[in-house]
Amino acid sequence: MKLKLLFAALAFSAITAQAQVATINQNFNTFTAGNTTFPQNGWSAVLPTPTGNPGPMMIVFNDTANSNQYIQSYSGANVSTPQYLVSPQITVPTGNKSISFKARKNTASAPVMIQVGLASSPTDMTTFVGLGTATMLTTDTFQNFTIAVPSSSSSYLVFRTVSAVAAPHTAVDIDDVVYDLTSVLGTSDVLKATDNTKFAINAENTALQFVGKVQPKNLEIYSAEGQKVASGKVDNSLFDITNLQTGVYYILIETTEGKAVKSKFIKK
């Protein structure tokens, strides 16, 4: 009997280890819709203690008009208390991947902050460490985000949402989460901009100058080690790189069409 129990324990450990995923490609369309359906498919939620009625919820929203489902992080009557959407456990990040997703504030909601981060526990959000700065969602149109995931001992991707103003009943809609090499600015990438999005370094070596048919909406610049070193908007077809040190950099460009373009350049 002891041998059988030992074997069962070993088998369970092996299954648990295999439960870690190397990539994520989730549009939530196969999830069970509702406001009490978490955890499911490896995803879970951490919600604050309710301070009123209704309490905070993590909802699988079924948008029947558009044949689509997405996750809605809803504060309920709570004010300024964060909710957390937690991914399945991933293999320990080594800095060669990024996470992309779509998010918006719900139509009836006040502005909401969203931030992606890593946590070492799926239930203890004191272990949450944000990646970059939080973003305020002020429009009910889905926006595209891509964020590099650095090397870390933490193995859960977490979406932290909280009202940007002191208002109850705020809601964030999250969809199309992808964690994969295809969105990564790694040191081995050799990528070129598309014909519609071209840039060059100006003669003074102080700015990127965009000359393509499609002007960028936003861009992010990463070092050869995969760390984000600059981000922002392009001003009159120029992006300032004065503060960058000499070296190779990778660039992620978001076009006005909502597409992501990856490339690299050398700062001399």
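The values are calculated or read from the model by the stated rules, or taken from the named source; none is laboratory data. Computed from a prediction, not measured in an experiment: that's the story for all the values here. Cβ atoms come from the backbone with ideal geometry, glycine included; neighbour counts cover every protein chain shown. Protein only, heavy atoms only, side chains kept; ligands, DNA and RNA dropped before computing areas. Shrake-Rupley method; radii C 1.70, N 1.55, O 1.52, S 1.80 Å.
Figures for the structure shown
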quantity: Extreme residue, most open to solvent (accessible area, probe 1.4 Å), among residues of the stretch 131-167 that are within 19 Å of Thr94 (Cβ to Cβ) and not in a strand (DSSP E or B); calculated: Ser153
quantity: Scope the stretch 68-90; condition out of contact with any Pro (no Cβ under 6 Å at 6 or more places or on another chain), part of a loop (DSSP other than H, G, I, E, B) and either at pLDDT below 95 or among the basic types (Lys, Arg) (or both); matching residues; calculated: Ser80
quantity: Selection status of Val92, open to solvent by 20 Å² or more (accessible area, probe 1.4 Å) and out of contact with any Leu (no Cβ under 9 Å at 6 or more places or on another chain); calculated: yes
quantity: Test: residue in the stretch 225-235 that is within 30 Å of Pro88 (Cβ to Cβ), touching an Asp or Glu at 6+ places or on another chain (Cβ under 9 Å), modelled with pLDDT under 85 and not aromatic (Phe, Trp, Tyr); calculated: yes
quantity: Scope the stretch 206-215; condition surrounded by 12 or more Cβ atoms within 10 Å (Cβ to Cβ), more than 15 Å from Lys264 (Cα to Cα) and either at pLDDT 80 or above or more than 27 Å from the chain's Cα centre (by Cα) (or both); matching residues; calculated: Thr206, Gly212
quantity: Selection from the stretch 107-123 of residues that are open to solvent by 50 Å² or more (accessible area, probe 1.4 Å) and touching a residue at least 60 places away in the same chain (Cβ under 8 Å); calculated: Ala108, Thr123
quantity: Within the stretch 236-250, considering residues that are under 23 Å from Ser151 (Cα atoms), surrounded by 14 or more Cβ atoms within 10 Å (Cβ to Cβ) and at pLDDT below 85, the one nearest to the chain's Cα centre (by Cα); calculated: Tyr250
quantity: First in the stretch 240-268 and closer than 26 Å to Ala103 by Cβ, second anywhere and of a type in the set (Phe, Trp, Tyr) and part of a loop (DSSP other than H, G, I, E, B), Cβ under 9 Å, 6 or more apart; calculated: Gly258/Phe142
